[in-house]
Amino acid sequence: MASWAHLEITVDDQGNVEVGGYNADPEALVEDTESWEDLLSTLGVNGWELVQVIPGVETTYWFKRQS
C-alpha cells in the first residue's frame, strides 16, 4: 500500500509564509529557500505534486508526494 506525504504552504498578501504537513518535514523543505517562489519551484523538482491552490488574502498550496 502506498504511503503519502502532504504539505500545505500558506502565503499571505504580505509574503509571509506558513508551512505544515504530515509524513514530511516541512521545516527541512523551507530551510534553504530564499523566497516562497523558490520553494514552490523546487518542490516539483523533488517529486511533490501540486494538488490544489486556494486563492484569497491567504493563498494556500496543497502538495502530495508518495513516500
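Every read-out reported here was derived from the displayed coordinates using simple, explicitly stated rules and does not represent laboratory data. The shown structure was predicted, so the numbers you read here are calculated from the model rather than taken from an experiment. Positions of Cβ are backbone-derived with ideal geometry, glycine not excepted, and every protein chain shown enters the neighbour counts.
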With n ≥ 4 as the cut-off for DSSP H runs, can you work out [θ] at 222 nm for the chain, using -39500 (n - 2.57) per run divided by the number of residues, rounded to the nearest 500? -6000 deg cm²/dmol
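Net charge around Val57, counting only other residues with Cβ within less than 15 Å of its Cβ (Lys, Arg = +1; Asp, Glu = -1)?
Numbers: positive: none; negative: Asp12, Asp13, Glu18, Glu58.
With Lys, Arg at +1 and Asp, Glu at -1, the net is -4.
So, R0 is 22 Å and r is the distance between the beta-carbons of Val57 and Tyr22; what FRET efficiency does that work out to, to 0.05?
Working from the Cβ atoms, E equals 0.30.
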Dipole axis of region 1-54 (+1 Lys, Arg; -1 Asp, Glu on Cβ), positive-most option in Tyr22, Thr10, Trp36: Tyr22
Given 5 Å bins starting at zero, what is the percent of C-alpha pairs of the chain in each, up to the one with the largest pair distance? 4, 18, 30, 27, 14, 5, 2, 0, 0
Using the alpha-carbon atoms, what tilt in degrees (0 to 90, nearest 10) does helix 36-45 show relative to the longest principal axis of the chain? 20 degrees
Please tell me the relative contact order of region 1-63 in percent, rounded to the nearest whole number, where contacts are Cα pairs under 8 Å and at least six residues apart. 37 percent
